[in-house]
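Remarks on the structure that follows.
The values are calculated or read from the model by the stated rules, or taken from the named source; none is laboratory data. The structure displayed is predicted, hence computed values, not measured ones. Counting neighbours? That spans all protein chains shown, and the Cβs are built from the backbone with ideal geometry, glycine included.
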Amino acid sequence: MEWGTGKIRLLRLIRKFEKQGVPSGQGFWRPALDTMGIALTTPAEQIARIPRTGPVIIVANHPHGLVDGMILADLIGR
């Protein structure tokens, strides 16, 4: 069952990440995504649309997915 859900693979990725030394704060997201093999290609003009100050509403289209939150945290932190 654990092989089918991907739990074993995820645990291996977590251990690999921990061995590298887990950064804290905003520096956490990019290395975590890199360890998982997730590459983002986001056009600069789209990132420029995120306000540098003031309130902003962020919406994920996969609200139960862990990766959406990680990607959004990385993008907003730029």
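So which of Arg30, Arg49, Arg9 ends up being at pLDDT below 85 and of a type in the set (Lys, Arg)? Break it down stepwise before answering.
Working: Arg30 fails: at pLDDT below 85; Arg49 fails: at pLDDT below 85.
Sole residue among the options that is at pLDDT below 85 and of a type in the set (Lys, Arg): Arg9.
Restricting to the stretch 37-70, what's the tally of residues that are polar (S, T, N, Q) and over 18 Å from the mean Cα position of the chain (by Cα)? Before the answer, list the steps.
Of all residues in the stretch 37-70, those polar (S, T, N, Q) come to 41-42, 46, 53, 61.
Add one more test, that the residue is over 18 Å from the mean Cα position of the chain (by Cα), and what stays is 53.
Result for the stretch 37-70: 1.
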Which number in (1) at pLDDT below 85; (2) within 12 Å of the chain's Cα centre (by Cα); (3) surrounded by 11 or more Cβ atoms within 10 Å (Cβ to Cβ) marks the one condition that Ala73 misses?
-> (1)
